[in-house]
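Down below is the structure, laid out as structure tokens.
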Amino acid sequence: MSCDQLWRDAQLLTMKQGACAIMDGLVAMRDGIILYAGPARTAPDFQAARTTACEGRLITPGLIDCHTHLVHGGSRAEEWQARLAGASYEEIAQAGGGIVSTMKATRQASEEALITAALPRLEALMAEGLTTVEIKSGYGLALEAERRMLRAARQLGKMRKVTVKTTFLGAHALPPEFAGDADGYIDLVTKVMIPALAEEGLIDAVDAFCEGIGFTPAQTERVFTAAARHGLPVKLHAEQLSNLHGAQLAASYGALSADHLEHLDAAGVAAMAASGTVATLLPGAFYFTRETVLPPVALLRAAGVPIALATDCNPGTSPLTSLLLAMNMGATLFRLTVEECLAGVTINAARALGMADEIGTLEPGKRCDLAIWDVDHPADLVYRMGFNPLHARIWSGS
Ligand code: DI6
Ligand code: FE
């Protein structure tokens, strides 16, 4: 059988059967798609245009970050310093900080400036084997600025060998011009922004921040209804700071994922299990905000809810651009197993993006997105901190 490229003499972590690697594995690729991924001894006889000897290195699916706010203007390092010195989130918000400071910087930035600012963050993720990333809007909070964020995100996917999925997060925070009129802002989100940006092909999914400092469940539901009208899947920032039963609401709309979930209860877990909604845990935000309430991992596990892990890369609560560190934090802080951490940045992250048919495992028919690592065991990817053992990264076969 002919193929474009073979990777041989590799350990394979296909993510189809847990965290146990196949020794003496082989991957065959044609036209950017995996033809075969499995033991060399049971492989068809391939005639390859190119063969790479992997010298026993580990091949995993390319990593997937399914929750980021990678595109934004400005920095919040000074605000963070003030927080270290004891300032509260409210004090900072009153002084013009918080999400509104990022909104101002984002509104002032051109599409080109947003791309320039986001590229080093994207490249840091890619340097650790990332091949697919989700990028949210939500710091423009007005039609034109939200459009610029989404266009910048799409553009990043054209500039680098990486797949970008965009999520519209217009309902992230209330912009100052709508102070005291959250429903009026949701009118704008649902009647103007979603229709226009969906029409322009800029939205792959719709998200909202359902929280005391964000939007109510009723407002969130209006956003979900508008998304459904445009045939767009939904996700939700839910149960991060309190339990508003957002995950249940999201599940009732067949959400791809509910994210954060520190305050999720048993009823929320059951609803997510019934709808197949992925639980995306964000240990970077948990760490950076010094959260003390843990997400209900044991309940999620017992109910069979797929668990994803993501960076939540954002300037306020998780300035993290490492999925390897997110995995280590998932294990250390949330007590996920190595296998759960690895599934969290591959197969379950693919599910959280509605892409499980295309990416997330090494199997025939999926896109040939690979990360090749200089490690002896899969656990090494989760165990170390601040060390990058990536040897090579393959996106769509090259
Ligand atoms: N949850 C978060 O932790 C971030 N957004 C959200 O919905 C905070 C974003 C920021 O502070 O800029
Ligand atoms: Fe987020």
| query | Can you tell which of MET1, MET29, MET23 is among the aliphatic types (A, V, I, L, M) and within 27 Å of the chain's Cα centre (by Cα)? | reply | MET29
| task | Scan segment 1-19 residue by residue and report those that are under 24 Å from GLU340 (Cβ atoms) and either in contact (Cβ under 8 Å) with a residue 60 or more places away in the chain or surrounded by 18 or more Cβ atoms within 10 Å (Cβ to Cβ) (or both). | result | ALA10, GLN11, LEU12, LEU13, THR14, MET15, LYS16, GLY18, ALA19
| message | within 16 Å of ligand 1 (Cβ to nearest atom) and at pLDDT 95 or above: which single residue out of LEU236, LEU232, LEU197, LEU202 fits that description? | response | LEU236
| query | Checking PHE286 against (1) in contact with a Gly (Cβ under 9 Å, 6 or more places away or on another chain); (2) within 13 Å of ligand 1 (Cβ to nearest atom), which single condition isn't satisfied? | reply | (1)
| remark: Just one listed residue, out of ALA270, ALA266, ALA274, ALA303, is without any contact (Cβ under 8 Å) to a residue 24 or more places away in the chain, over 23 Å from GLU128 (Cα atoms) and more than 16 Å from the chain's Cα centre (by Cα), and it is ALA274
| Name the residues in segment 174-194 that are under 24 Å from ALA93 (Cα atoms), in contact (Cβ under 8 Å) with a residue 12 or more places away in the chain, away from ligand 1 (no atom under 16 Å from the Cβ) and not acidic (Asp, Glu), would you? | LEU188
| request: Please state which one of GLU177, GLU146 is at pLDDT 95 or above and touching a Gly at 6+ places or on another chain (Cβ under 8 Å). | output: GLU146
| query | Do you know which of the residues in segment 293-323 that are touching a Phe, Trp or Tyr at 6+ places or on another chain (Cβ under 8 Å) and aliphatic (A, V, I, L, M) is nearest to ligand 2 (Cβ to nearest atom)? | reply | LEU320
| said: Residue under question is ALA205, and the condition is that it be within 18 Å of LYS136 (Cβ to Cβ) and in contact with a Pro (Cβ under 9 Å, 6 or more places away or on another chain); does it hold? | reply: yes
| message | Just to be sure before I move on: is ILE115 more than 30 Å from MET23 (Cβ to Cβ), within 16 Å of ligand 2 (Cβ to nearest atom) and touching a residue at least 24 places away in the same chain (Cβ under 8 Å) in the structure I sent? | response | no
| remark: Taking segment 151-173 and keeping only residues that are part of a loop (DSSP other than H, G, I, E, B) and either without any contact (Cβ under 8 Å) to a residue 12 or more places away in the chain or of a type in the set (Val, Ile, Thr) (or both), one is left with VAL162
| Among THR167, THR216, which is the only one that is modelled with pLDDT of 95 or more and under 17 Å from GLY140 (Cβ atoms)? | THR167
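The values are calculated or read from the model by the stated rules, or taken from the named source; none is laboratory data. Everything numeric here is computed off the predicted structure, so don't read it as measured data. Positions of Cβ are backbone-derived with ideal geometry, glycine not excepted, and every protein chain shown enters the neighbour counts.
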